[in-house]
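Have a look at the structure below before the remarks.
Just so it is clear, none of the values below were taken in a lab; they were calculated from the coordinates. These figures come from a predicted structure and were not determined experimentally. Heads up, the Cβs are rebuilt from the backbone with ideal geometry, glycines too, and the neighbour counts pull from every protein chain shown.
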Amino acid sequence: MTHTVGSAVDTAAMTALDSAHVIHPHRLARHSETIVMVRGEGSRVWDTEGREYLDGTAGLALTQVGHGRPELAAAAERQMRQLDYYPSFWEYSNPRAIELATRLIELAPGDLTKVFFTSGGSDGVEAAIRMARLYHYQRGATGRTVILSRRGAYHGVGYGSGSLTGFADYHVGFSPMLPDVQHLTPPWAYRRELFDGHDPTDFCLRELERTIEEIGPGRIAAFVGEPVMGVAGMVTPPDDYWSRAEALLRAHGILLVADEVICGYGRTGHWFASERYDITPDIMVTAKGLTSGYFPLGAVLVSGAVAEQLDLGPDGFPIGYTYTGHPTGCAVALANLDVIERENLVRRAAELGRSLLAALAPLADLPVVGEVRGAGLMIALELVRDTAAGTAVGANIARYVREEHGIIVRPHETVVSISPPLVLTDAEADRLVAALRDALTRVGPDGTVRR
Ligand SMILES: Cc1ncc(COP(=O)(O)O)c(C=O)c1O
């Protein structure tokens, strides 16, 4: 079969080939609906039928600078023509990786001093787990292998990172995960039932203290957490959660790993959310917004104390990915950071986040909305869970908003999340709010959205 991507006439053929040959994350194979995207510009994308969508989620919460940026394409082309790829293993390096690492260290909070490049978030978290364990091992604390995480956390899909991910479907019987991982209660204040009537931070801290006592501090390598839990539904912790957790972890020599894969690079209105919550991570995992998704690249930033311990035996740091320090990826990241800086997109995320949140806040008066919350441009509407249709309400709302308003938002269980590009215009933000208001006012008691 011949097929040319991008013309309206071949949509049916494309869809059939997609169903036959492409495995999609989180979609049943028998589900045949496929939207084939072919073009993007700013906060908009277009499908094979020429339909325009407002990208209210910035893809998977990563297109900070918007779609279709010629500066990023030019940087990739320039680098590919000069030196497309060369490894960063052993004694080899390249100018773009060196420039990018230096720049990230200048931007980063606390005393992060070195950078390990990855291809994305999951493998960044894998690296962070190895680094945390190696740090203790090299200092003689060979029993410190346990990693603490939280239920509802998302840290990726590798066997280490997937073990930290705190969703039940990652821990089903066919794929046993790492044994040395314990999941704690997330600081999800809206879910009052989690805290037994106690203040959420007090509850979480008491649980953390008890867990450390039970496992034994001499067995715990690190606590890994998203400063704001993204996939679960933009869960913003109470203001005192991170500072109190950090103090307790430090008192027990447990490393703090901030997973800033979504939060990083301006999304919360700060370069990194660790600044927002005033924490000093020992290891910070980043990806996504580092290149705005134009190239698969991640960066794990480590403190001087951790970096000192990473050379194992005669062979140095014992992990590396083929694409570690990819020159083209690093060139794209540098161009992306230039745009974020030049266009003041971190400040834009803070300001637009505040105004979007203010515009959405009145929706909490609707019977279907339990809470409206957010940090910068990580914003969520938590739906009331006793609505008859339960989980489907979010999915129904997202479908309605896409089909009737041409806007993409993301449902996850009983949450609807938005994480638009940082370049979203005021007019586009107004459209987003109006579409959500329209959908939410049409939700019936059975969870369907009246057309
Ligand atoms: C906080 C966090 N960590 C890790 C990951 C995994 O990143 P990747 O999909 O690039 O492997 C994600 C992806 O959404 C994430 O949100």
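Taking a Cβ cut-off of under 15 Å around Asp84, the surrounding Lys, Arg, Asp and Glu residues balance to a net charge of +2, with basic ones at +1 and acidic ones at -1.
Peptides 13-23, 73-83, 247-257 ordered by packing proxy, namely the average of other Cβ atoms within 10 Å per residue, highest first: 247-257, 73-83, 13-23. Considering the zone a paramagnetic label at Arg442 would reach in this model (a point 7 Å from Cα along the Cα-to-Cβ line), which residues of region 392-434 have amide N under 16 Å from it? In region 392-434, the label zone of Arg442 (backbone N under 16 Å from the point 7 Å along Cα→Cβ) covers 393-409, 431-434. Placing R0 at 25 angstrom, the Cβ-Cβ distance between His26 and Phe174 gives a FRET efficiency of 0.90 after rounding to 0.05.
Mean residue ellipticity at 222 nm from the helices of the chain, using -39,500 (n - 2.57) per DSSP H segment of n ≥ 4 over the full residue count, to the nearest 500 deg cm²/dmol? Please list the in-between numbers first.
Working: 14 runs with 161 residues, N = 451.
Mean residue ellipticity, 222 nm, calculated: -11000 deg cm²/dmol.
The fraction of all Cα pairs in the chain landing in successive 10 Å bins from 0 to the largest distance is 4, 20, 30, 27, 14, 4, 0, given as whole percents. Distant-in-sequence amide contacts of Gly298, defined by a placed amide H-H separation under 5 Å and a gap of 5 or more residues or a different chain, comprise Thr118, Ser119, Gly120. Treating r as the C-beta distance of Leu17 and Glu106 and R0 as 60 Å, the FRET efficiency rounds to 0.85.
The alpha carbon centroids of region 188-252 and region 7-72 are separated by 37 Å.
Counted over region 71-342, the DSSP beta bridges are approximately 45% antiparallel. Remark: the Thr280-Glu213 segment gains 21.8 nm on full extension, using 0.36 nm per residue and subtracting the alpha carbon distance.
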